[in-house]
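Trainee: Structure provided below as structure tokens; questions to follow.
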Amino acid sequence: MLSDREFITMSIDLNLFFLRIMKEHSLFLQLGFTPKDSASGEEAAAFKTGFENLLIQATNLANGNVSRAAVDSQQITTPYTLEAERLTYFYTGVPINTSLTQQEAMLNPYDRPISAEMVQAVEMLDRRAYQLTAALAKFKEELLTNVRSCKMFTMNYPLLIEHILREAHFFMDMLVALVHRNDITTQEGLIDQEVFWNRIMAEHSKFIAGLLDPSEEALIDAARNFGKQFDALTTQATQATRQTMDIANVTAQSLEETKKLRDFKAAGASGILECKIESIIIPLLADHVLREANHYLCVLGVCGNR
Ligand SMILES: [Fe+2]
């Protein structure tokens, strides 16, 4: 059973990270539709606005409530986020709220007094986040069904749609746990998170490999290698859940490999922003996958220890 303080901090940390992720998923979906499916593009844009509004609420509640670890981990924003948003807007013409990003980058973790109103406001945020994410998950699910049955075409890979759908369900599960005042950072929970995030890291690597220009052979090879490493780590983490085998060893290896992938993603984001890498990677997607690696490192116990 979480204390009010724990409930508030865990909820704020989770929402700051995942509401931005959901907002960006909506943008990536929006950008992937062809002119024929402009109505779906508008639906995705409406989700983006909805998540942005929730993220504004979360950010207003976050000052003095967010954890030091979340701030230090660069999972909320990174040094690349603002520039990635500016460049994404420059390329696509789709407006992005950069002042929100600037506000998030200045959040303070110091203790704010807890009140019944604060607990209530945070619980309301959790519930709203759940509802909107459930609606977005339904949208992603329908899109995936249409794409997989060849009724629709989009520039997003089917695996990417499945991947972002899984992330939505994961966020929803965490929100349910929190409103029931369950701790989402327990040791038993950690191994499930490792299975989940190792697979996510494997898929990021494969997306990067598939979205780089075919001439970027060295980077493609490196990305493919990460994909294989994280596939193996996913298998090991899954086995660890079944056989109570040496989880500490899997955790140590996952941590090591995620640090390497984080560095690779950071170099990728910087290379894309500086026009040094040829690809069809949306700049904000490069920053998005970097933030997810930073989040996973924090789950593994290394928040902001560069
Ligand atoms: Fe992801």
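The values are calculated or read from the model by the stated rules, or taken from the named source; none is laboratory data. Keep in mind that what you see is a predicted model, and the values were worked out from it rather than measured. Methodologically, a virtual Cβ is constructed for each residue, glycine included, from the backbone with ideal geometry; neighbour enumeration extends over all protein chains shown.
Trainee: Which one is farthest from residue 286 (Cα to Cα), of the residues in segment 177-209 that are hydrophobic (A, V, I, L, M, F, W, C) and in contact with a Gly (Cβ under 8 Å, 6 or more places away or on another chain)? Give the steps one after another, and end with the answer.
Mentor: Of the residues in segment 177-209, the ones hydrophobic (A, V, I, L, M, F, W, C) are 177-179, 184, 190-191, 195-197, 200-202, 207-209.
In the following step, the residues that additionally are in contact with a Gly (Cβ under 8 Å, 6 or more places away or on another chain) were identified as 202, 208-209.
Working: 202: 15, 208: 9, 209: 12 Å.
Filtering segment 177-209 for residues that are hydrophobic (A, V, I, L, M, F, W, C) and in contact with a Gly (Cβ under 8 Å, 6 or more places away or on another chain), the one farthest from residue 286 (Cα to Cα) comes out as 202.
Trainee: Right, here's the next one. With the structure loaded, tell me whether residue 92 is outside the structural domain of residue 292 (by TED's automatic domain parsing), loosely packed, with under 15 Cβ neighbours inside 10 Å and modelled with pLDDT of 95 or more or whether it fails that test. I'd like the intermediate steps shown before the answer.
Mentor: Working: outside the structural domain of residue 292 (by TED's automatic domain parsing): yes; loosely packed, with under 15 Cβ neighbours inside 10 Å: no; modelled with pLDDT of 95 or more: yes.
So residue 92 does not fit the description; no.
Trainee: Going by the conditions given, is residue 289 in a loop (DSSP other than H, G, I, E, B) and of a type outside the set (Lys, Arg)? Break it down stepwise before answering.
Mentor: Working: in a loop (DSSP other than H, G, I, E, B): no; of a type outside the set (Lys, Arg): yes.
So residue 289 does not fit the description; no.
Trainee: Residue check: is residue 130 touching a residue at least 24 places away in the same chain (Cβ under 8 Å) and more than 16 Å from the ligand (Cβ to nearest atom)?
Mentor: Details: touching a residue at least 24 places away in the same chain (Cβ under 8 Å): yes; more than 16 Å from the ligand (Cβ to nearest atom): yes.
It is true that residue 130 is touching a residue at least 24 places away in the same chain (Cβ under 8 Å) and more than 16 Å from the ligand (Cβ to nearest atom).
Trainee: Now for a separate question. Looking at segment 272-286, can you tell me whether even one residue there is away from the ligand (no atom under 16 Å from the Cβ), farther than 28 Å from residue 77 by Cβ, of a type outside the set (Asp, Glu) and buried (at least 19 other Cβ atoms within 10 Å of the Cβ)?
Mentor: No: zero hits.
Trainee: Assess whether residue 11 counts as being on the phi < 0 side of the Ramachandran plot and crowded, with 22+ Cβ neighbours inside 10 Å. Break it down into steps so the answer makes sense when it comes.
Mentor: Values: on the phi < 0 side of the Ramachandran plot: yes; crowded, with 22+ Cβ neighbours inside 10 Å: yes.
Answer is yes for this residue.
Trainee: While we're looking at this one, here's another question. Go over the candidates 227, 210, 268 one by one and state the one that is surrounded by 22 or more Cβ atoms within 10 Å (Cβ to Cβ), in the same structural domain as residue 302 (by TED's automatic domain parsing) and in a helix (DSSP H, G or I). Give the steps one after another, and end with the answer.
Mentor: Details: 227 fails: surrounded by 22 or more Cβ atoms within 10 Å (Cβ to Cβ); 210 fails: surrounded by 22 or more Cβ atoms within 10 Å (Cβ to Cβ).
The unique qualifying residue is 268.
Trainee: Name the single residue that is farthest from residue 170 (Cα to Cα) among those in segment 1-60 being in contact with a Leu (Cβ under 7 Å, 6 or more places away or on another chain) and of a type in the set (Lys, Arg).
Mentor: 48
Trainee: Can you tell which of 46, 62, 58 is more than 15 Å from the chain's Cα centre (by Cα) and either outside the structural domain of residue 138 (by TED's automatic domain parsing) or surrounded by fewer than 20 Cβ atoms within 10 Å (Cβ to Cβ) (or both)?
Mentor: Working: 62 fails: either outside the structural domain of residue 138 (by TED's automatic domain parsing) or surrounded by fewer than 20 Cβ atoms within 10 Å (Cβ to Cβ) (or both); 58 fails: either outside the structural domain of residue 138 (by TED's automatic domain parsing) or surrounded by fewer than 20 Cβ atoms within 10 Å (Cβ to Cβ) (or both).
Just one listed residue meets the conditions, 46.
Table: residues versus (1) surrounded by fewer than 19 Cβ atoms within 10 Å (Cβ to Cβ); (2) free of Cβ contacts under 8 Å to residues at least 12 places away in the same chain; (3) away from the ligand (no atom under 16 Å from the Cβ).
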| residue | (1), (2), (3) |
| --- | --- |
| 149 | yes, yes, yes |
| 162 | yes, no, no |
| 172 | yes, no, no |
| 182 | yes, no, yes |
| 206 | no, no, no |
| 218 | yes, yes, yes |
| 240 | no, no, yes |
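Trainee: Of 100, 144, 125, which residue is part of a helix (DSSP H, G or I), modelled with pLDDT of 95 or more and not assigned by TED's automatic domain parsing to the domain that holds residue 12? Lay out the reasoning, then the answer.
Mentor: Numbers: 144 fails: not assigned by TED's automatic domain parsing to the domain that holds residue 12; 125 fails: not assigned by TED's automatic domain parsing to the domain that holds residue 12.
The match here is 100.
Trainee: For residue 297, indicate whether it is touching a Lys or Arg at 6+ places or on another chain (Cβ under 8 Å), within 16 Å of the ligand (Cβ to nearest atom) and within 17 Å of residue 197 (Cα to Cα).
Mentor: It is true that residue 297 is touching a Lys or Arg at 6+ places or on another chain (Cβ under 8 Å), within 16 Å of the ligand (Cβ to nearest atom) and within 17 Å of residue 197 (Cα to Cα).
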